[in-house]
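The structure appears below as structure tokens.
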Amino acid sequence: MDAAMLKYVLVGGGVAGGYAAREFVKLGVDPGELAIFSKEAVAPYERPALSKAYLFPESPARLPGFHTCVGSGGERQAPEWYADNGIDLHLNSEIAKADTKSKTITTAAGKTFEYGSLLIATGSTFINLADFKTPGADAGGIHYLREVNDADNLVREMKDIKGGEAVVVGGGYIGVELAACLALNSIRVTMVFPDPHFMPRLFTPEIASFYEGYYKGKGINIIKGTSVTAFEKDDQGNVTKVILGDGRSLSTNLVVVGIGAKPRLGPFKGQLEEEKGGFKVDASFRTSAQDVYAVGDVATFPMKMYGDRRRVEHVDHARKSAIQAVQAIKAGEKGETVDEYDYLPFFYSRSFDLSWQFYGDNTGESVIWGLDQAGASGSKFGAYWVNDGKVVGAFLEGGSPDENKLLARVARERPSVGSKQELLSAGLDFATKI
Ligand code: FAD
Ligand code: NDP
């Protein structure tokens with residue numbers, strides 16, 4: 001039997017999937033030309049909401065409120081939007097098999113389609129403690145967070161244990177954002193992680209100490225420098241205790257684990273060149289196979305600014321890489337090319353009434369300003385990273401949208417700086433003068 005032919009196929013209906021669909025519509029697709037296959041049961045949405053407003057005790061965010069592309073000020077693409085634009089959105093449709101030579105994909109239900117161009121946007125999945133054979137890791141009440149159904153399970157259980165206790169494993173993005181959400185839900189929280197401080201890959205010890213102090217002020221207990229070695233469970237199989245490497249044990253009603261993500265290469269693994277855990281792509285997100293593109297978390301791409309290749313697990317890149325790939329596909333049809341992807345790293349987080357943004361590269365020496373005043377009403381603090389006499393990265397807590405734009409400009413332009421003292425005394429003013 002011949003497989004149905006689809007001109008454009010998008011595998012993955014997450015952030016990149018939603019933004020790619022919008023770009024296809026913008027550049028022109030005829031009804032029936034674009035099909036999206038997503039493992040999830042809902043249309044593409046802005047995933048960052050899941051570790052923030054989705055978990056708030058009052059007026060939580062709920063779908064359809066945060067479908068893409070509202071996160072960047074765009075139109076809300078509810079399921080009707082796909083139908084109205086002639087896009088076949090196949091939900092609950094995991095792609096289980098693929099063959100990049102015959103240019104076919106097959107759903108878990110066994111339906112095969114042939115594609116003209118394929119965009120892989122399968123994102124990441126969480127690293128599971130069961131992968132490390134941690135005893136008791138299969139207990140009930142141990143949560144991970146990636147998709148909306150994970151968030152729904154967590155919301156249900158937070159309500160059940162209101163006033164109870166939770167252990168958060170990990171001091172990265174999920175750990176820091178989830179600890180705050182649990183506390184907002186009147187749950188007593190203990191965070192446990194092996195690192196010396198919060199967010200060790202980005203924060204300096206000084207920056208981390210501000211956030212850790214703030215969290216302690218909110219009643220959150222922080223245990224650093226040790227890992228979870230086992231969980232104990234009750235007769236129903238629910239978690240009751242977390243055993244730590246330093247010999248301590250913590251009674252708990254619930255556990256949230258955020259110990260990192262791994263790209264989901266799925267059925268494409270082994271068929272495409274890989275690098276740094278993702279699919280190796282060029283500056284237009286083309287993989288090693290003809291007419292196959294990979295975007296978002298799953299792509300290892302050339303970082304023009306720094307002359308290296310990286311994989312980035314953040315929403316801004318998911319959006320921009322999807323747009324770049326679709327523009328490249330459409331330009332290629334006319335025999336044209338697009339400018340190479342020129343990404344400026346941008347990371348951010350929000351919790352309680354804190355909000356920080358970071359642009360650029362955190363390499364070289366860090367210079368932290370305003371920290372002695374941080375926490376006082378209206379005061380801000382920030383950091384610059386200086387490498388080879390140039391400011392290459394900029395961080396700001398509590399910045400306004402305009403101030404954050406200044407940060408981006410600094411990181412993009414990489415201005416020279418005379419001395420560390422100059423940055424220390426200028427603080428944010430340094431950015432305003434660029
Ligand atoms: P995803 O958005 O993960 O989408 C991938 C989609 O593909 C999913 O729907 C998945 O089910 C589907 N899929 C996977 N395999 C298959 C298959 N074989 N067949 C069909 N479908 C498949 N970044 C920030 O910059 N700021 C934030 O505040 C922030 N908050 C976050 C909060 C949470 C809880 C999480 C998990 C991530 C957060 N991130 C944040 C990271 C950001 O959301 C990701 O980098 C971004 O979603 C990546 O987009 P993507 O399209 O590559 O993957
Ligand atoms: P991260 O990589 O941000 O953080 C994981 C943290 O867990 C690291 O500090 C890691 O330490 C630590 N860790 C590793 N192993 C263990 C262990 N056995 N026990 C305790 N701690 C451990 O991943 P997250 O899980 O926080 O986030 C998952 C994904 O979601 C990422 O792609 C992230 O970018 C994304 N996300 C982004 C957000 C944002 O941008 N605001 C918000 C929420 C999620 P080490 O560094 O030493 O390995």
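The values are calculated or read from the model by the stated rules, or taken from the named source; none is laboratory data. Not measured: the values here are computed from a predicted model. All Cβ positions, even for glycine, are placed from backbone atoms using ideal geometry, and neighbour counts span all protein chains on display.
Quick notes on this structure:
- Unmet criterion (only one of (1) within 12 Å of ligand 2 (Cβ to nearest atom); (2) within 23 Å of the chain's Cα centre (by Cα)) for Val148: (1)
- One residue from Phe395, Phe430 being touching a Gly at 6+ places or on another chain (Cβ under 8 Å), buried (at least 16 other Cβ atoms within 10 Å of the Cβ) and either farther than 30 Å from Pro57 by Cβ or of a type outside the set (A, V, I, L, M) (or both): Phe395
- From Phe203, Phe210, residue being under 18 Å from Phe347 (Cβ atoms), within 16 Å of ligand 1 (Cβ to nearest atom) and not in a strand (DSSP E or B): Phe203
- Within region 285-310, considering residues that are within 24 Å of Thr125 (Cα to Cα) and of a type in the set (Ser, Thr, Tyr), the one nearest to the chain's Cα centre (by Cα): Thr300
- Candidates in region 192-240 are the residues that are among the small types (Gly, Ala, Ser) and within 26 Å of Ala383 (Cβ to Cβ); of these, the one that is surrounded by the most Cβ atoms within 10 Å (Cβ to Cβ) is Ala208.
- Residue selected from region 40-67 under the condition within 9 Å of ligand 1 (Cβ to nearest atom) and either in contact with a Ser or Thr (Cβ under 7 Å, 6 or more places away or on another chain) or aromatic (Phe, Trp, Tyr) (or both), by the criterion farthest from Phe113 (Cα to Cα): Tyr54
- Tally, over region 245-275, of residues that are farther than 30 Å from Gly163 by Cβ, within 15 Å of ligand 1 (Cβ to nearest atom) and surrounded by fewer than 23 Cβ atoms within 10 Å (Cβ to Cβ): 11
- Test: residue in region 166-181 that is within 11 Å of ligand 2 (Cβ to nearest atom), closer than 24 Å to Asp235 by Cβ and touching a strand residue (DSSP E or B) at 6+ places or on another chain (Cβ under 6 Å): yes
- Residue within region 352-369 that is surrounded by fewer than 20 Cβ atoms within 10 Å (Cβ to Cβ), in contact (Cβ under 8 Å) with a residue 24 or more places away in the chain, within 16 Å of ligand 1 (Cβ to nearest atom) and aliphatic (A, V, I, L, M) present: yes
- Condition broken by Pro196, with the remaining ones in (1) part of a strand (DSSP E or B); (2) of a type outside the set (Ser, Thr, Tyr); (3) away from ligand 1 (no atom under 16 Å from the Cβ) satisfied: (1)
- Checking Val70 against (1) at negative phi; (2) within 26 Å of the chain's Cα centre (by Cα); (3) in contact (Cβ under 8 Å) with a residue 60 or more places away in the chain; (4) more than 9 Å from ligand 1 (Cβ to nearest atom), the condition it does not meet: (3)
- Checking Asp291 against (1) crowded, with 18+ Cβ neighbours inside 10 Å; (2) in contact with a strand residue (DSSP E or B) (Cβ under 7 Å, 6 or more places away or on another chain); (3) on the phi > 0 side of the Ramachandran plot, the condition it does not meet: (1)
- Of all residues making up region 172-193, the number that are away from ligand 1 (no atom under 16 Å from the Cβ) and in a helix (DSSP H, G or I): 1
- Single residue of Thr226, Thr134, Thr190, Thr125 found to be in contact with a Lys or Arg (Cβ under 6 Å, 6 or more places away or on another chain), within 16 Å of ligand 2 (Cβ to nearest atom) and modelled with pLDDT of 95 or more: Thr125
- When Ile127, Ile142 are checked against the criterion of being crowded, with 21+ Cβ neighbours inside 10 Å and among the aliphatic types (A, V, I, L, M), Ile142 stands alone in meeting it.
- Residue that is surrounded by the fewest Cβ atoms within 10 Å (Cβ to Cβ), among those in region 62-82 that are farther than 26 Å from Val176 by Cβ and small (Gly, Ala, Ser): Gly74
- Lys334 meets the conditions (1) among the basic types (Lys, Arg); (2) free of Cβ contacts under 8 Å to residues at least 12 places away in the same chain; (3) within 13 Å of ligand 1 (Cβ to nearest atom) in every case but one. The failed one is (3).
- Residue that is surrounded by the most Cβ atoms within 10 Å (Cβ to Cβ) [pool: residues in region 46-61 that are farther than 18 Å from Tyr144 by Cβ and within 16 Å of ligand 2 (Cβ to nearest atom)]: Glu46
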